[in-house]
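J.: Starting off with a structure, shown below.
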Amino acid sequence: MLEPLANVGRDPATGGYVRDAWSDADMELREWFAGEAARRGLDLREDRNGNLWAWWGDPSRRPGVVTGSHLDSVRQGGAYDGPLGVVSAFAALDILKSRGTSPRTPVGIVCFTDEEGARFGVPCMGSRLLTGAIEPERALALTDDDGDTLAEVMTRAGRKAHELGRDPETRATIGAFVELHVEQGRALVEYDRPVGVASAIWPHGRWRFDFRGRADHAGTTRLADRDDPMLPLARMVLAARTAAERRGIVATVGKVRVSPGNANAVPGLVTAWLDARGPAELDVRDLVAELAGGADVREESWTPVVDFDPVLRDRLARVAGGDTPAPILPTGAGHDAGILAAAGVPTGMLFVRNPTGVSHSPDEHAEQADCEAGVVALADVLEDLCR
Ligand code: HGY
Ligand code: MN
Ligand code: MN
């Protein structure tokens, strides 16, 4: 089932995936989702925020058990982060049907839009809009690297951008949500188990740093006369690593924009994005404050710590684990499941073993047998929750 997606948004030079929200690749992925839903006779809906829902049963009668994930990717991402959860949702539903399960509870499959925030900078956009975790006005005004706003991009994609916003009707259809996701780490390798259950998501955020200097000639401007913004950037990157090590958290600068970007000129402006995460919110905030001194810094997104419902967590571990409960793991990766949990939806996550732990990279991988174990675990969990 992953095969038909293998070439959608794939960069042949690297094998990486570029599946920005509302891009051609995203539209192709939406078509794929609709086809999978139609093939199974599921009721397909797109909500006002662009999230896709495929229902087995009618959730307006009673809230359903929902599973799913996202199909968009980071730039040059891997094949599993997101798609594994959506494909596994359809495959698990097939298993339920093959078992002759006719759930009294509706079962929904969701594909959240723009989980990575690769284009507009705010992750989990679809679930944040659905739950009211971001104001539609702010979302609509976000711009991509070309300066196009989310409003313009969604309008061009044929959506009614002015309808974006909290969606209590759709929220009411979700009785419980379980997201299956490739593990972004190696804990399951250590446990030697194919499937794990999430306990928590670290608090994490993204901050935009603007360093302004004075553009000048690279050859004729004396060093003493320069106001080169590349230097405070370099200091910030090194300070971020030192401060993160000292605090036992993680900090990353993975995106830098230098303007105007001439090889033979001192830049006028350097913009960089800091991603910081850690078990304790205060450590993350203190690190950013330490780095912010004097620079023009804007918080672009913040996700508080998520502790998944412990009763549901333990139930998932028991059902997904088979003979012995599945390992329970925290994660430093954000997910739509975290946004729903924060909005009060009973939520849990299943992780599928990733032999190298590598993610957000073309090298991301999961073994076929582990993916299948994940699908069976998800089917068992859905069947249990539908009782
Ligand atoms: O950035 C994250 O943690 C997630 O992959 N969106
Ligand atoms: Mn991701
Ligand atoms: Mn993901």
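J.: Tell me, what ³J(HN,Hα) does each residue in the range 285-292 have, in order and in whole Hz, if you take phi through Karplus 6.51 cos²θ - 1.76 cosθ + 1.60 with θ = phi - 60° and put x for Gly and Pro?
T.: Using θ = phi - 60°, the values come out as 5, 5, 4, 5, 4, 5, 7, 6 Hz.
J.: Extending each Cα 7 Å along its Cβ direction at R241 and D145, get the distance between those two points in nm, one decimal.
T.: 2.3
J.: Skipping prolines and chain starts, which residues have an amide H placed within reach, meaning under 5 Å, of the one on H204, given they are 5 or more residues away or on another chain?
T.: Under 5 Å from the amide H of H204 lie the amide H atoms of T303, each far enough along the sequence or on another chain.
J.: If amide H atoms are built 1.01 Å from N in the plane of the peptide, which residues on other chains or at least 5 residues away come under 5 Å of the amide H of V197?
T.: I328, L329, F351
J.: Work out the charge dipole of the chain with +1 on the Cβ of Lys and Arg and -1 on the Cβ of Asp and Glu about the Cα centre, then indicate which of P4, A25, G165 is farthest towards its positive end.
T.: G165
J.: By how many nm would the segment from E190 to S259 grow when fully extended, if each residue of separation counts as 0.36 nm and the alpha-carbon distance is taken off?
T.: Additional length available on full extension: 20.4 nm.
J.: Could you state how much accessible area C386 has, in square angstrom rounded to the nearest 10, with a 1.4 Å probe and all protein chains kept in place?
T.: Only protein atoms counted, so the area is about 10 Å².
J.: Next question, about the same structure. Under a 5 Å amide H to amide H cut-off, with H placed in plane at 1.01 Å, what residues pair with G16 once short-range neighbours are removed?
T.: D11
J.: Quick one: work out Rg over Rh on the C-alpha atoms of the range 102-144, Rh as Kirkwood radius. It would help to have the intermediate numbers written out before the result.
T.: Numbers: Rg = 13.6 Å, Rh = 11.7 Å.
Reported Rg/Rh, Kirkwood definition of Rh: 1.17.
J.: So for the chain, averaging the separation of alpha carbon pairs under 8 Å that are six or more residues apart and normalising by length, what relative contact order in percent results?
T.: 22
J.: Could you sort H217, H181 by their accessible area in this structure, using a 1.4 Å probe and putting the largest first? Mind dumping the intermediate values first?
T.: Values: H217 95, H181 5 Å².
Reading off the accessible areas and sorting them downward yields H217, H181.
J.: Given axes a ≥ b ≥ c from the Cα gyration tensor, I'd like to know whether the range 11-55 is rounded (a/c under 1.5), prolate (a/b larger than b/c) or oblate. Can you show the working numbers first?
T.: Working: a/c = 3.95, a/b = 1.83, b/c = 2.16.
In terms of gyration-tensor shape, oblate.
J.: In addition: Which semi-axes, in whole Å and largest first, does the equivalent ellipsoid of the range 50-95 have when worked out from the alpha carbon gyration tensor as the square roots of 5 times its eigenvalues?
T.: Equivalent-ellipsoid dimensions as semi-axes: 25, 13, 6 Å.
J.: Take the range 134-187, drop everything but the C-alpha atoms, weight them equally and run the Debye formula without solvent; then report log10 I(q)/I(0) at 0.12, 0.14 Å⁻¹ to two decimals.
T.: Relative scattering, expressed as log10 I(q)/I(0), comes to -0.49, -0.62.
J.: Viscosity 1.567 mPa s, temperature 4 °C: what is the translational diffusion coefficient of the chain from Stokes-Einstein with a Kirkwood Rh over Cα pairs, rounded to a whole number of µm²/s? Provide the component values of the computation, followed by the final result.
T.: Details: Rh = 21.8 Å.
The diffusion coefficient I find is 59 µm²/s.
J.: Give me the number: length gained by fully extending Q76 to R318, i.e. 0.36 nm times residue separation minus the C-alpha to C-alpha distance, one decimal in nm. Present the calculation step by step, with values, prior to reporting the outcome.
T.: On the way: separation 242, 0.36 × 242 = 87.12 nm, distance 3.58 nm.
Length difference between fully extended and current span is 83.5 nm.
J.: So what's the gap between the Cα centers of the range 207-282 and the range 291-359, to the nearest angstrom?
T.: 30
J.: For Y191, what accessible surface area do you get with a 1.4 Å probe? Give it in Å², rounded to 10.
T.: 120
J.: Okay, next question. Leaving ligands and nucleic acids out of the surface, order I95, I339 by accessible area at 1.4 Å, largest first.
T.: Values: I95 40, I339 10 Å².
Ranking I95, I339 by accessible area, largest first, yields I95, I339.
J.: Using the heavy atoms of the protein chains and a 1.4 angstrom probe, tell me the accessible area per residue for the chain in square angstrom.
T.: Numbers: 16410 Å² over 387 residues.
Solvent-accessible surface per residue comes out at 42 Å².
J.: Continuing with this model, one more query. Pull out the extension gain between D225 and E46, defined as 0.36 nm times the separation in residues minus the alpha carbon to alpha carbon distance; nm, one decimal.
T.: Values: separation 179, 0.36 × 179 = 64.44 nm, distance 5.67 nm.
Gain in length upon complete extension: 58.8 nm.
J.: Right, next: Does anyone have the angle between helix 230-247 and the longest principal axis of the chain? Alpha-carbon axes, 0 to 90°, nearest 10?
T.: In the chain, helix 230-247 runs at an angle near 50 degrees to the longest axis.
J.: If you line up the Cα atoms of the range 93-227 on their principal axes, what length do they span on each, largest first, in Å?
T.: Here the spans come out as 78, 47, 24 Å, largest first.
J.: While we're looking at this one, here's another question. Might you report the magnitude of the Cβ-based charge dipole of the chain about its Cα centre, with Lys and Arg at +1 and Asp and Glu at -1, to the nearest 20 debye?
T.: 480
J.: Another question about this same structure. Taking Cα atoms, how many degrees apart are the long axis of helix 24-39 and the longest axis of the chain, rounded to 10 and kept between 0 and 90?
T.: Rounded to the nearest ten degrees, it is 0.
J.: Roughly what angle does helix 368-386 make with the longest principal axis of the chain, taking Cα atoms, 0 to 90 degrees, to the nearest 10?
T.: Long axis of 368-386 versus the principal axis of the chain: about 60 degrees.
J.: How much of the accessible area of the chain, in percent, comes from carbon and sulfur atoms when a 1.4 Å probe is used?
T.: With neighbouring chains kept in place, the figure for the chain is 51 percent.
J.: Could you work out the per residue convex hull volume over the alpha carbons of the range 1-114, in cubic angstrom?
T.: 89
J.: Further question on the same structure: Please name whichever of C111, A272, V297 sits farthest to the positive end of the charge dipole of the chain, dipole taken about the Cα centre and charges placed at Cβ: Lys and Arg +1, Asp and Glu -1.
T.: V297
J.: Give the residue from W202, Q184, A239 lying farthest towards the positive end of the charge dipole for the range 148-244; charges sit on Cβ (+1 for Lys and Arg, -1 for Asp and Glu) and the dipole is referred to the Cα centre.
T.: Positive-end residue among those listed: A239.
J.: So for L231, L164, L238, what's the accessible-area order with a 1.4 Å probe, most first? Walk me through the numbers before you get to the answer.
T.: Values: L231 100, L164 15, L238 120 Å².
The ordering from most to least exposed comes out as L238, L231, L164.
J.: Compute the normalised compactness of the range 158-224: alpha-carbon radius of gyration over 2.2 N^0.38 Å, N being the residue count.
T.: 2.24
J.: How far apart, in nm, are two points set 7 Å out from the Cα along the Cα-to-Cβ line at E169 and at D11?
T.: 4.1
J.: Another one. Once the whole set of protein chains is in place, how much accessible area is left on K160, using a 1.4 Å probe, in Å² to the nearest 10?
T.: The accessible area comes out at roughly 120 Å².
J.: If a/c stays under 1.5 just call it rounded; otherwise compare a/b with b/c (prolate if a/b is bigger, oblate if not). Do that for the range 258-387, with a ≥ b ≥ c from the square roots of the Cα gyration tensor eigenvalues.
T.: Verdict is prolate for the range 258-387.
The values are calculated or read from the model by the stated rules, or taken from the named source; none is laboratory data. For clarity, every value in this text was computed on a predicted model and none was experimentally measured. Please note: Cβ atoms are built from the backbone with ideal geometry, for glycine as well, and neighbour counts cover all protein chains shown. In case anyone asks, the SASA skips ligands and DNA or RNA and just uses the protein heavy atoms, side chains included. Shrake-Rupley method; radii C 1.70, N 1.55, O 1.52, S 1.80 Å.
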